[in-house]
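Okay, structure first, notes after.
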Amino acid sequence: MILSYEDPKLHSHEFIEFFYVLDGQCIHYLDGKEQIISCGDAFILTPNNSHTFLAIEKTFMHRDIIIQPEYFKKICNNYSPDLYDKFYTGKLRTFTLSNHQLNRIEALAQKLTSIKDSNTAVIDCAICTYIINAFLEHSYNISSNKYPAWISKLLSILSAPENFKTDQQIIINSFSYSQEHVCRTFKKMMGMTITDYFNEQKMKYAYSLLRSSSYSIEQICERINFNNTSYFYRLFKKHFGVTPKEVTKQNGRK
């Protein structure tokens with residue numbers, strides 16, 4: 001589930017809660033300690049933890065993935081018999097997702113919310129495995145970043161919702177390389193153009209807003225700098241196989 005602006009009471013759960021920030025900032029209170037968290041920050045909480053959020057910005061939005069402890073322990077045991085205990089005792093608790101990791105897990109989460117058949121079990125396992133791998137990569141300093149620093153920075157800029165209204169040309173010109181070099185290198189490494197990647201991030205954000213907010217489709221188009229609603233519909237349908245209207249209906253909105 002995706003949760004938007006909220007100030008819940010201090011609480012704990014009977015399940016494993018993995019959450020990460022999609023947009024905005026908040027103060028996260030965890031077991032009596034507070035920390036400002038923002039886009040990409042990820043946590044895995046067990047039943048012995050208590051936490052709450054105090055949103056700093058109304059754009060604050062995070063995704064919760066709920067996992068039954070027995071199931072999570074079963075997946076952990078495929079790695080090591082003591083791995084679950086490391087999560088439970090807090091030895092593996094938090095880190096910041098890279099843009100690649102954030103996009104990958106969002107794709108898996110969105111896939112899970114859209115399927116209703118036996119493939120759900122496969123996606124369940126894929127998500128749990130990906131979460132564990134991400135934590136282990138961070139814990140053991142296994143870098144999954146195969147891109148030059150400037151490409152990583154460009155990916156970060158293109159993936160941040162606060163930049164979706166910025167003209168793409170301005171973003172490209174902010175780098176000390178020629179436009180031709182930036183565009184050619186990006187396409188070679190990412191397998192798509194900067195425009196296609198930028199639009200893909202906007203569509204993912206639009207999908208999240210349609211599922212979690214009360215924004216109208218027109219308001220969402222404005223937030224991601226799409227002046228042509230018809231083009232937005234076509235691009236959205238191309239990415240997700242459904243129209244924006246169908247997503248709002250699935251979410252109980254008219």
Options Lys165, Lys202, Lys188; residue that is over 16 Å from Lys153 (Cα atoms), without any contact (Cβ under 8 Å) to a residue 12 or more places away in the chain and under 25 Å from the mean Cα position of the chain (by Cα): Lys188
Given the condition more than 23 Å from Tyr215 (Cβ to Cβ) and assigned to a loop (DSSP other than H, G, I, E, B), answer yes or no: does some residue in region 55-67 qualify? no
Can you spot a residue in region 171-179 that is surrounded by fewer than 19 Cβ atoms within 10 Å (Cβ to Cβ) and under 19 Å from Ala107 (Cβ atoms)? no
Of the numbered conditions (1) buried (at least 17 other Cβ atoms within 10 Å of the Cβ); (2) modelled with pLDDT under 80; (3) among the β-branched types (Val, Ile, Thr), Ile67 fails exactly one; give the number of that condition. (2)
Only one residue in Leu108, Leu92 is part of a loop (DSSP other than H, G, I, E, B), touching a helix residue (DSSP H, G or I) at 6+ places or on another chain (Cβ under 7 Å) and either free of Cβ contacts under 8 Å to residues at least 12 places away in the same chain or under 20 Å from Ile127 (Cβ atoms) (or both). Which one? Leu92
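Just give me the residues in region 198-227 being part of a loop (DSSP other than H, G, I, E, B), within 23 Å of Phe186 (Cβ to Cβ) and not aromatic (Phe, Trp, Tyr), in sequence order.
Scanning region 198-227 gives Ile224, Asn225.
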So which residues in region 44-77 are closer than 20 Å to Ala134 by Cβ, in contact (Cβ under 8 Å) with a residue 40 or more places away in the chain and out of contact with any Leu (no Cβ under 8 Å at 6 or more places or on another chain)? Thr46, Ile65, Ile66, Ile67, Gln68, Pro69, Tyr71, Phe72, Ile75
Where residues in region 39-55 are under 19 Å from Asp23 (Cβ atoms) and among the small types (Gly, Ala, Ser), which of them is farthest from the chain's Cα centre (by Cα)? Ala55
Is it the case that region 40-52 has a residue that's of a type in the set (A, V, I, L, M, F, W, C), touching a Lys or Arg at 6+ places or on another chain (Cβ under 8 Å) and in a loop (DSSP other than H, G, I, E, B)? no
Evaluate region 224-238: report whether one residue or more is surrounded by 18 or more Cβ atoms within 10 Å (Cβ to Cβ) and touching a residue at least 40 places away in the same chain (Cβ under 8 Å). yes
Looking only at region 78-89, filter to residues that are within 20 Å of Tyr130 (Cβ to Cβ) and in a helix (DSSP H, G or I); which one of those is nearest to the chain's Cα centre (by Cα)? Phe87
Taking the stated definitions as given, is Asp7 out of contact with any Asp or Glu (no Cβ under 9 Å at 6 or more places or on another chain), modelled with pLDDT of 90 or more and charged (D, E, K, R)? no
Of the residues in region 78-109, those that are of a type in the set (S, T, N, Q), exposed (fewer than 15 other Cβ atoms within 10 Å of the Cβ) and either at pLDDT 90 or above or touching a Leu at 6+ places or on another chain (Cβ under 7 Å) (or both) come to Thr89
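The values are calculated or read from the model by the stated rules, or taken from the named source; none is laboratory data. None of these values were measured; they are calculated from a predicted model. No Cβ is skipped: glycine too gets one built from the backbone with ideal geometry, and neighbour counts run over all protein chains shown.
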